[in-house]
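Visitor: After the structure tokens below, expect a handful of questions from me.
Only the coordinates and a few stated rules stand behind these numbers; no lab work does. Just so you know, these numbers come straight off a predicted model, no measurement behind them. Counting neighbours? That spans all protein chains shown, and the Cβs are built from the backbone with ideal geometry, glycine included.
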Amino acid sequence: MLKRIVLTTLAAGIVTAGLAQADDDTIDDTIKVGMSGGYFPFTFVEQDKLQGFEVDVMEAVADEMGAEVEFITANFSGLFGMLESGRIDTIANQITITEERTAKYAFTEPYVYDGAQVVVKKGNDAIQSVEDLKGKTVAVNLGSNYEELLRELPYADEIDIRTYESNIEQDTALGRVDAFIMDRVSASQVIKEKPMPLALAGKPFSQIRNALPFRDTEEDRALRDRVDAALATLRESGELRTISQQWFGTDITTP
């Protein structure tokens with residue numbers, strides 16, 4: 001079956017991608033995948049095209065399942081509400097597995113393994129590790145797990161934590177905040193691809209496992225199991241590793 005990929009836009013500023021022709025006008029098996037479209041290099045829009053690691057992974061999953069995929073972009077803060085209301089089937093936006101989320105959603109097995117990383121303006125030698133964030137202003141993406149990780153630190157009350165929808169890299173490079181927290185893989189890619197004076201500060205300070213969340217119903221758990229089986233096949237065949245190598249130059253899909 002020739003797969004048809006659809007991009008539906010719910011967030012301002014994201015451009016709808018073209019529609020590939022299918023072998024018929026009927027969509028029998030479509031996975032509706034929510035993502036922000038603004039989290040480089042996992043999901044982003046460039047030259048009016050939605051692309052990124054997450055897009056490639058979900059296209060490969062749909063191919064393996066013999067299904068079609070519809071990407072629906074919206075602000076990250078609204079994605080879980082869309083999942084709970086049934087407007088999407090899952091979220092592919094580097095969703096970290098947490099106790100709170102596992103109590104509410106049915107997750108696939110992890111398909112990304114990473115770590116929380118401190119990033120600073122290049123030349124900021126005062127911050128070399130997470131311990132050096134005491135007394136500093138630190139930015140995190142709204143809805144990410146990094147705010148929770150920082151607030152669990154024994155000296156959290158000494159850190160000025162600020163949440164952002166976007167532009168945490170720019171504000172750090174301009175000195176508006178002292179540092180930001182992002183997964184090491186994304187941070188390395190930002191430093192590599194964007195012309196900003198940024199640098200990693202020390203090593204990752206927490207392991208992160210990312211997976212796909214589904215509603216915790218019998219029907220959605222069944223879909224989760226099909227997606228999980230496709231991910232397992234892609235991992236065994238090496239296709240997940242290949243996608244990761246293409247985007248990051250390393251394999252982030254295994255521990």
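Visitor: In debye, nearest 20, what is the charge dipole magnitude of the chain about its Cα centre with +1 on Lys and Arg Cβ and -1 on Asp and Glu Cβ, if you could check?
Guide: It comes to approximately 880 debye.
Visitor: What does the extension gain come out to for residue 103 and residue 221, with contour length at 0.36 nm per residue minus their alpha carbon separation? Display every interim value, and only then the final one.
Guide: Numbers: separation 118, 0.36 × 118 = 42.48 nm, distance 1.38 nm.
So the chain would gain 41.1 nm between residue 103 and residue 221.
Visitor: Another question about this same structure. Taking Cα atoms, how many degrees apart are the long axis of helix 53-65 and the longest axis of the chain, rounded to 10 and kept between 0 and 90?
Guide: 30
Visitor: Taking a ≥ b ≥ c as the square roots of the eigenvalues of the Cα gyration tensor of region 113-207, is the shape rounded (a/c under 1.5), prolate (a/b larger than b/c) or oblate?
Guide: On the way: a/c = 1.36, a/b = 1.24, b/c = 1.10.
Note, shape of region 113-207 comes out rounded.
Visitor: Okay, helix-only estimate at 222 nm for the chain: each DSSP H run of n ≥ 4 adds -39500 (n - 2.57), divide by all residues, round to 500 deg cm²/dmol; what do you get? Kindly include the intermediate steps, with their values, before the conclusion.
Guide: On the way: 8 runs with 79 residues, N = 255.
Rounded to the nearest 500, it is -9000 deg cm²/dmol.
Visitor: Another question about this same structure. Would you check the chain for Lys pairs whose C-alpha atoms are within less than 20 Å, ignoring same-chain pairs closer than 8 in sequence, and give me the count?
Guide: Lysine pairs, 8 or more places apart or on different chains, close enough: 18.
Visitor: For region 127-177 and region 183-220, compute the distance between their C-alpha centroids and round to whole Å.
Guide: 15
Visitor: Relative to a virtual label point 7 Å from the Cα of residue 174 in the Cα→beta-carbon direction, which members of region 109-137 show backbone nitrogen distances below 20 Å?
Guide: It comes to 119-124, 137, nothing else.
Visitor: Where does helix 184-193 land angle-wise versus the long Cα axis of the chain, in degrees 0 to 90, nearest 10?
Guide: 90
Visitor: Going by average Cβ density within 10 Å per residue, which order do the peptides 144-152, 58-66, 215-223, 31-39 take, highest to lowest? Could you put the intermediate results ahead of the total?
Guide: Numbers: 144-152: 17.9, 58-66: 19.4, 215-223: 14.0, 31-39: 24.4.
Result, highest mean first: 31-39, 58-66, 144-152, 215-223.
Visitor: Another question, then. Using only Cα atoms, tell me the angle between helix 239-248 and the longest principal axis of the chain; keep it within 0 to 90° and round to the nearest 10.
Guide: 40
Visitor: With r defined as the distance between the Cβ atoms of residue 151 and residue 250 and R0 fixed at 25 Å, what FRET efficiency is calculated, to the nearest 0.05?
Guide: Working: r = 30 Å, r/R0 = 1.19.
Result of the calculation: an efficiency of 0.25.
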